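To keep things clear, I will list the structure first and then write my remarks on it.
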Amino acid sequence: AVLFGEDESIWFGSEKGVHVRQSSGDGDKLLIVQGVLTQEEVLLAKKDYVRLRTLYGTVNVFGDLMEWSAFKSALTLESENKMNEALAALQQIRLDNPVSKWATDFYVYRIARKFEDAGQTDKALSVYTPLMEKFKLMQKNTFRLEEIIFRIGRNYQSQRNTEKALEMFKTLRQNFPNSPFVGEIAPLLLQAAKQAPDAVKSLALYQQFLNNYSAHPEAARVKWIMAETYYAQAQSAFAEKYYNELLGALPSDSPMRKLSEKRLAKMQRASVK
(Lines give C-alpha, C1' and ligand atoms only; values in the text may rest on other atoms or scores of the structure.)
Protein backbone atom coordinates (compact mmCIF):
# COMPACT_ATOMS: atom_id res chain seq x y z
CA ALA A 1 0.00 0.00 0.00
CA VAL A 2 1.04 3.59 -0.65
CA LEU A 3 1.08 5.66 2.53
CA PHE A 4 0.77 9.38 3.12
CA GLY A 5 1.66 11.51 6.08
CA GLU A 6 -0.97 12.97 8.37
CA ASP A 7 -2.06 16.16 6.60
CA GLU A 8 -1.28 15.58 2.95
CA SER A 9 -3.95 16.25 0.32
CA ILE A 10 -4.21 16.50 -3.46
CA TRP A 11 -6.64 18.07 -5.92
CA PHE A 12 -7.37 16.58 -9.33
CA GLY A 13 -9.00 18.94 -11.82
CA SER A 14 -12.38 20.54 -11.19
CA GLU A 15 -15.51 19.12 -12.75
CA LYS A 16 -13.47 16.13 -13.90
CA GLY A 17 -11.49 15.73 -10.72
CA VAL A 18 -11.93 15.05 -7.04
CA HIS A 19 -10.41 16.46 -3.91
CA VAL A 20 -9.01 13.61 -1.84
CA ARG A 21 -8.17 14.48 1.75
CA GLN A 22 -5.43 12.10 2.76
CA SER A 23 -4.69 10.59 6.12
CA SER A 24 -2.20 7.91 6.98
CA GLY A 25 -2.79 4.87 4.80
CA ASP A 26 -4.90 6.63 2.12
CA GLY A 27 -2.40 6.09 -0.66
CA ASP A 28 -4.48 3.29 -2.20
CA LYS A 29 -7.38 5.69 -2.61
CA LEU A 30 -5.16 8.11 -4.49
CA LEU A 31 -3.94 5.41 -6.85
CA ILE A 32 -7.50 4.26 -7.58
CA VAL A 33 -8.65 7.82 -8.30
CA GLN A 34 -5.65 8.42 -10.53
CA GLY A 35 -6.48 5.24 -12.43
CA VAL A 36 -10.10 6.27 -12.84
CA LEU A 37 -9.16 9.70 -14.19
CA THR A 38 -6.66 8.19 -16.62
CA GLN A 39 -9.26 5.75 -18.01
CA GLU A 40 -11.85 8.53 -18.01
CA GLU A 41 -9.99 10.48 -20.68
CA VAL A 42 -10.06 7.48 -23.03
CA LEU A 43 -13.73 6.67 -22.45
CA LEU A 44 -14.79 10.31 -22.79
CA ALA A 45 -13.05 10.48 -26.16
CA LYS A 46 -15.02 7.39 -27.22
CA LYS A 47 -18.24 8.75 -25.68
CA ASP A 48 -18.59 5.41 -23.93
CA TYR A 49 -20.80 6.72 -21.15
CA VAL A 50 -22.06 3.34 -19.99
CA ARG A 51 -18.54 2.14 -19.24
CA LEU A 52 -17.77 5.50 -17.66
CA ARG A 53 -20.56 5.01 -15.14
CA THR A 54 -19.20 1.57 -14.32
CA LEU A 55 -15.74 3.08 -13.95
CA TYR A 56 -16.93 5.78 -11.57
CA GLY A 57 -18.67 3.14 -9.50
CA THR A 58 -15.33 1.53 -8.67
CA VAL A 59 -14.55 4.33 -6.19
CA ASN A 60 -17.71 3.66 -4.20
CA VAL A 61 -15.68 1.42 -1.88
CA PHE A 62 -14.68 4.74 -0.32
CA GLY A 63 -17.72 6.29 1.34
CA ASP A 64 -16.42 9.82 0.98
CA LEU A 65 -16.18 9.42 -2.81
CA MET A 66 -19.69 8.07 -3.40
CA GLU A 67 -21.13 11.55 -3.92
CA TRP A 68 -18.44 12.42 -6.44
CA SER A 69 -19.06 9.12 -8.24
CA ALA A 70 -22.82 9.85 -8.41
CA PHE A 71 -22.13 13.36 -9.67
CA LYS A 72 -19.82 12.17 -12.40
CA SER A 73 -22.38 9.57 -13.47
CA ALA A 74 -25.02 12.33 -13.63
CA LEU A 75 -22.80 14.28 -16.01
CA THR A 76 -22.54 11.28 -18.32
CA LEU A 77 -26.33 11.08 -18.45
CA GLU A 78 -26.43 14.76 -19.38
CA SER A 79 -23.84 14.14 -22.09
CA GLU A 80 -26.09 11.39 -23.48
CA ASN A 81 -28.95 13.90 -23.53
CA LYS A 82 -30.81 11.84 -20.93
CA MET A 83 -31.94 14.98 -19.17
CA ASN A 84 -34.67 13.44 -17.03
CA GLU A 85 -32.28 10.86 -15.63
CA ALA A 86 -29.50 13.40 -15.18
CA LEU A 87 -31.80 15.74 -13.29
CA ALA A 88 -33.08 12.91 -11.09
CA ALA A 89 -29.49 11.92 -10.28
CA LEU A 90 -28.51 15.47 -9.35
CA GLN A 91 -31.63 15.91 -7.25
CA GLN A 92 -30.93 12.67 -5.39
CA ILE A 93 -27.42 13.87 -4.55
CA ARG A 94 -28.86 17.15 -3.26
CA LEU A 95 -31.49 15.28 -1.27
CA ASP A 96 -28.81 13.14 0.37
CA ASN A 97 -26.55 16.14 0.92
CA PRO A 98 -28.27 19.58 0.67
CA VAL A 99 -24.88 21.32 0.76
CA SER A 100 -23.29 19.17 -1.93
CA LYS A 101 -20.21 20.80 -3.43
CA TRP A 102 -20.73 18.74 -6.61
CA ALA A 103 -24.41 18.84 -7.57
CA THR A 104 -24.60 22.62 -7.31
CA ASP A 105 -27.32 24.95 -8.58
CA PHE A 106 -25.25 25.56 -11.69
CA TYR A 107 -25.67 21.98 -12.93
CA VAL A 108 -29.38 21.93 -12.15
CA TYR A 109 -29.76 25.27 -13.96
CA ARG A 110 -27.86 23.85 -16.92
CA ILE A 111 -30.38 21.01 -17.19
CA ALA A 112 -33.22 23.56 -17.17
CA ARG A 113 -31.55 25.46 -20.01
CA LYS A 114 -31.35 22.29 -22.07
CA PHE A 115 -35.03 21.56 -21.43
CA GLU A 116 -35.83 25.11 -22.55
CA ASP A 117 -33.68 24.87 -25.67
CA ALA A 118 -35.48 21.64 -26.58
CA GLY A 119 -38.87 23.35 -26.26
CA GLN A 120 -39.79 21.31 -23.18
CA THR A 121 -41.23 24.31 -21.37
CA ASP A 122 -43.10 22.39 -18.64
CA LYS A 123 -39.91 20.62 -17.60
CA ALA A 124 -37.88 23.82 -17.80
CA LEU A 125 -40.39 25.61 -15.57
CA SER A 126 -40.39 22.74 -13.08
CA VAL A 127 -36.65 23.31 -12.57
CA TYR A 128 -36.48 27.10 -12.90
CA THR A 129 -39.28 27.79 -10.42
CA PRO A 130 -37.71 26.20 -7.30
CA LEU A 131 -34.36 27.72 -8.26
CA MET A 132 -36.03 31.13 -8.41
CA GLU A 133 -37.51 30.69 -4.94
CA LYS A 134 -34.10 29.65 -3.59
CA PHE A 135 -32.28 32.54 -5.24
CA LYS A 136 -34.80 35.02 -3.79
CA LEU A 137 -33.33 34.25 -0.38
CA MET A 138 -29.83 35.21 -1.47
CA GLN A 139 -28.80 38.81 -0.92
CA LYS A 140 -25.64 38.83 -3.03
CA ASN A 141 -25.39 38.93 -6.83
CA THR A 142 -28.94 38.77 -8.16
CA PHE A 143 -27.94 38.29 -11.80
CA ARG A 144 -28.90 34.61 -11.88
CA LEU A 145 -32.24 35.36 -10.20
CA GLU A 146 -32.96 38.08 -12.75
CA GLU A 147 -32.17 35.71 -15.59
CA ILE A 148 -34.35 32.93 -14.21
CA ILE A 149 -37.32 35.26 -13.70
CA PHE A 150 -36.94 36.34 -17.32
CA ARG A 151 -36.66 32.76 -18.54
CA ILE A 152 -39.73 31.70 -16.56
CA GLY A 153 -41.67 34.51 -18.19
CA ARG A 154 -40.40 33.58 -21.63
CA ASN A 155 -41.33 29.94 -21.13
CA TYR A 156 -44.83 30.91 -20.05
CA GLN A 157 -45.13 33.04 -23.16
CA SER A 158 -44.04 30.11 -25.29
CA GLN A 159 -46.99 28.27 -23.78
CA ARG A 160 -49.24 31.22 -24.72
CA ASN A 161 -49.82 31.80 -21.01
CA THR A 162 -49.62 35.56 -21.38
CA GLU A 163 -50.99 36.34 -17.92
CA LYS A 164 -48.24 34.48 -16.08
CA ALA A 165 -45.60 35.71 -18.52
CA LEU A 166 -46.59 39.33 -17.88
CA GLU A 167 -46.57 38.68 -14.15
CA MET A 168 -42.94 37.52 -14.34
CA PHE A 169 -41.95 40.42 -16.59
CA LYS A 170 -43.57 42.87 -14.18
CA THR A 171 -41.72 41.28 -11.26
CA LEU A 172 -38.44 41.68 -13.11
CA ARG A 173 -39.04 45.32 -14.05
CA GLN A 174 -40.21 46.33 -10.57
CA ASN A 175 -37.53 44.56 -8.56
CA PHE A 176 -34.58 44.85 -10.94
CA PRO A 177 -35.21 47.91 -13.16
CA ASN A 178 -31.56 48.05 -14.20
CA SER A 179 -31.32 44.39 -15.10
CA PRO A 180 -30.01 43.68 -18.62
CA PHE A 181 -32.95 41.31 -19.03
CA VAL A 182 -35.51 44.12 -18.75
CA GLY A 183 -34.63 45.23 -22.27
CA GLU A 184 -35.19 41.70 -23.55
CA ILE A 185 -38.82 41.85 -22.44
CA ALA A 186 -39.66 44.45 -25.12
CA PRO A 187 -39.76 42.13 -28.17
CA LEU A 188 -41.67 39.55 -26.13
CA LEU A 189 -44.36 42.12 -25.34
CA LEU A 190 -44.66 42.92 -29.03
CA GLN A 191 -44.94 39.24 -29.82
CA ALA A 192 -47.64 38.82 -27.17
CA ALA A 193 -49.55 41.78 -28.61
CA LYS A 194 -49.49 40.23 -32.10
CA GLN A 195 -50.68 36.90 -30.71
CA ALA A 196 -53.45 38.41 -28.59
CA PRO A 197 -56.88 36.88 -29.26
CA ASP A 198 -58.63 40.24 -29.78
CA ALA A 199 -57.98 43.92 -30.38
CA VAL A 200 -58.73 44.95 -26.80
CA LYS A 201 -56.00 42.72 -25.35
CA SER A 202 -53.64 43.57 -28.17
CA LEU A 203 -54.03 47.31 -27.56
CA ALA A 204 -53.51 46.84 -23.83
CA LEU A 205 -50.23 45.03 -24.48
CA TYR A 206 -49.08 47.65 -26.96
CA GLN A 207 -49.87 50.33 -24.38
CA GLN A 208 -47.88 48.42 -21.77
CA PHE A 209 -44.99 48.33 -24.23
CA LEU A 210 -45.17 52.12 -24.68
CA ASN A 211 -45.42 52.68 -20.92
CA ASN A 212 -42.18 50.80 -20.34
CA TYR A 213 -40.25 51.27 -23.57
CA SER A 214 -41.21 54.71 -24.88
CA ALA A 215 -37.72 55.26 -26.33
CA HIS A 216 -37.57 51.86 -28.04
CA PRO A 217 -36.92 51.90 -31.82
CA GLU A 218 -40.26 50.12 -32.33
CA ALA A 219 -42.24 52.72 -30.35
CA ALA A 220 -43.29 54.71 -33.44
CA ARG A 221 -44.48 51.62 -35.25
CA VAL A 222 -46.47 50.59 -32.18
CA LYS A 223 -48.14 53.99 -32.04
CA TRP A 224 -48.98 53.64 -35.72
CA ILE A 225 -50.56 50.24 -35.15
CA MET A 226 -52.58 51.59 -32.24
CA ALA A 227 -53.68 54.67 -34.17
CA GLU A 228 -54.77 52.55 -37.15
CA THR A 229 -56.61 50.10 -34.90
CA TYR A 230 -58.52 52.89 -33.17
CA TYR A 231 -59.18 54.52 -36.53
CA ALA A 232 -60.69 51.29 -37.87
CA GLN A 233 -62.86 51.11 -34.74
CA ALA A 234 -64.00 54.72 -35.28
CA GLN A 235 -62.56 55.72 -31.91
CA SER A 236 -61.42 59.08 -33.19
CA ALA A 237 -60.15 60.56 -29.93
CA PHE A 238 -57.72 57.71 -29.34
CA ALA A 239 -56.71 57.58 -33.00
CA GLU A 240 -55.97 61.31 -33.04
CA LYS A 241 -53.89 60.99 -29.89
CA TYR A 242 -51.47 58.53 -31.45
CA TYR A 243 -51.42 60.18 -34.89
CA ASN A 244 -50.50 63.46 -33.21
CA GLU A 245 -47.79 61.77 -31.17
CA LEU A 246 -46.34 60.45 -34.41
CA LEU A 247 -46.36 63.96 -35.90
CA GLY A 248 -44.35 65.17 -32.92
CA ALA A 249 -41.84 62.32 -33.07
CA LEU A 250 -41.18 61.69 -36.76
CA PRO A 251 -39.25 63.77 -39.33
CA SER A 252 -41.21 65.57 -42.01
CA ASP A 253 -40.15 63.15 -44.75
CA SER A 254 -41.25 60.05 -42.85
CA PRO A 255 -43.89 58.00 -44.75
CA MET A 256 -45.57 57.19 -41.43
CA ARG A 257 -45.80 60.89 -40.58
CA LYS A 258 -47.31 61.71 -43.98
CA LEU A 259 -49.91 58.97 -43.57
CA SER A 260 -50.70 60.26 -40.08
CA GLU A 261 -51.27 63.74 -41.49
CA LYS A 262 -53.65 62.36 -44.10
CA ARG A 263 -55.59 60.39 -41.47
CA LEU A 264 -55.90 63.45 -39.22
CA ALA A 265 -57.05 65.63 -42.11
CA LYS A 266 -59.66 63.05 -43.09
CA MET A 267 -60.97 62.82 -39.53
CA GLN A 268 -61.13 66.62 -39.25
CA ARG A 269 -63.14 66.85 -42.48
CA ALA A 270 -65.50 64.16 -41.23
CA SER A 271 -66.03 65.96 -37.94
CA VAL A 272 -67.27 69.17 -39.58
CA LYS A 273 -69.86 67.50 -41.79
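The values are calculated or read from the model by the stated rules, or taken from the named source; none is laboratory data. If you're wondering where the values come from, they're calculated on a predicted model, not measured in any experiment. Note that each Cβ is placed from the backbone with ideal geometry, even for glycine, and that neighbours are counted across all protein chains shown. What goes into the accessible areas is simple: the full protein's heavy atoms, side chains included, and nothing from ligands, DNA or RNA. Shrake-Rupley method; radii C 1.70, N 1.55, O 1.52, S 1.80 Å.
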**OP:** Quote to one decimal, in nm, the extra length available between N81 and R113 on full extension: 0.36 nm per residue of separation minus the C-alpha distance between them.
**Re:** 10.3 nm
Subject >> Environment charge of T129, counting only residues whose C-beta is closer than 12 Å and scoring Lys/Arg +1, Asp/Glu -1 >> reply: +3
**OP:** Just report the Cα centroid separation between region 107-139 and region 192-260, whole Å.
**Re:** 36
Original post:
Any idea what the relative contact order of region 80-155 is, in percent, if you count C-alpha pairs under 8 Å spaced at least 6 apart?
Top reply: 23
Original post:
Quick one: Karplus J couplings for region 166-174, per residue in order, coefficients 6.51, -1.76, 1.60, θ = phi - 60°, nearest Hz, x for Gly and Pro?
Top reply: 5, 4, 5, 5, 5, 4, 5, 5, 6
Original post:
How many nm is it between the label spots at S271 and D122, if each spot is 7 Å from the Cα in line with the beta carbon?
Top reply: 5.4
Original post:
How high is the relative contact order of the chain, in percent, with contacts defined as C-alpha pairs under 8 Å that are six or more residues apart?
Top reply: 6
Original post:
Does region 77-148 come out rounded, prolate or oblate, given a ≥ b ≥ c as the square roots of the eigenvalues of its C-alpha gyration tensor, rounded meaning a/c under 1.5 and, failing that, prolate meaning a/b above b/c?
Top reply: oblate
Subject >> Integer Hz, Karplus 6.51/-1.76/1.60 couplings in order for region 106-123, x for Gly and Pro >> reply: 4, 6, 5, 4, 4, 5, 4, 4, 5, 4, 5, 4, 8, x, 8, 5, 4, 5
Original post:
Under a Cβ-Cβ cut-off of 14 Å, what is the net charge of the residues other than S260 that fall near it, where Lys and Arg count +1 and Asp and Glu count -1?
Top reply: +3
Original post:
Once both labels are modelled 7 Å past Cα along the beta-carbon direction, what's the Q195-K164 spacing in nm?
Top reply: 1.3
**OP:** Can you bin the chain into rounded, prolate or oblate? Criterion: square roots of the alpha carbon gyration tensor eigenvalues sorted a ≥ b ≥ c, rounded for a/c under 1.5, prolate for a/b above b/c, oblate for the rest.
**Re:** prolate
Original post:
Between N212 and E133, what FRET efficiency follows from the Cβ-Cβ distance if R0 is 25 Å, with the result rounded to 0.05?
Top reply: 0.50
**OP:** Would you mind telling me the share, in percent, of accessible area of region 118-273 contributed by carbon and sulfur at probe 1.4 angstrom?
**Re:** 52
Subject >> Efficiency of FRET between D48 and D253 - r from beta-carbon atoms, R0 45 angstrom, step 0.05 >> reply: 0.10
Original post:
Using a cut-off of 16 Å between alpha-carbon atoms, which aspartates and glutamates can reach K262, once sequence neighbours fewer than 8 places away in the same chain are excluded?
Top reply: E228, E240, E245, D253
Original post:
Using a cut-off of 21 Å between alpha-carbon atoms, which lysines can reach K82, once sequence neighbours fewer than 8 places away in the same chain are excluded?
Top reply: K16, K46, K47, K72, K114, K123
Original post:
Hey, got the dipole for the chain? About the Cα centre, +1 on K and R Cβ, -1 on D and E Cβ, debye to the nearest 20?
Top reply: 1800
Original post:
Is the shape of region 181-260 rounded, prolate or oblate, going by the alpha carbon gyration tensor and its root eigenvalues a ≥ b ≥ c, with a/c under 1.5 for rounded and a/b larger than b/c for prolate?
Top reply: oblate
**OP:** Give the cross-link partners of K258 among the lysines, using a straight C-alpha distance below 27 Å as the criterion and excluding same-chain residues fewer than 8 apart.
**Re:** K194, K223, K241, K266, K273
Subject >> Whole-number accessible area per residue in Å² for the chain, which is evaluated in the context of all protein chains at 1.4 Å >> reply: 56
**OP:** Provide the per-residue ³J(HN,Hα) series for region 130-137, in order, calculated from phi with Karplus coefficients 6.51, -1.76, 1.60 and θ = phi - 60°, each as a whole number of Hz, with x at glycine and proline positions.
**Re:** x, 5, 4, 4, 5, 5, 4, 7
Original post:
Per residue of the chain, what 222 nm ellipticity follows from adding -39500 (n - 2.57) for every DSSP H run with n ≥ 4, rounded to the nearest 500?
Top reply: -22000 deg cm²/dmol
**OP:** Multiply the residue separation of N141 and F238 by 0.36 nm, subtract the distance between their alpha-carbon atoms, and state the gained length in nm to one decimal.
**Re:** 30.6 nm
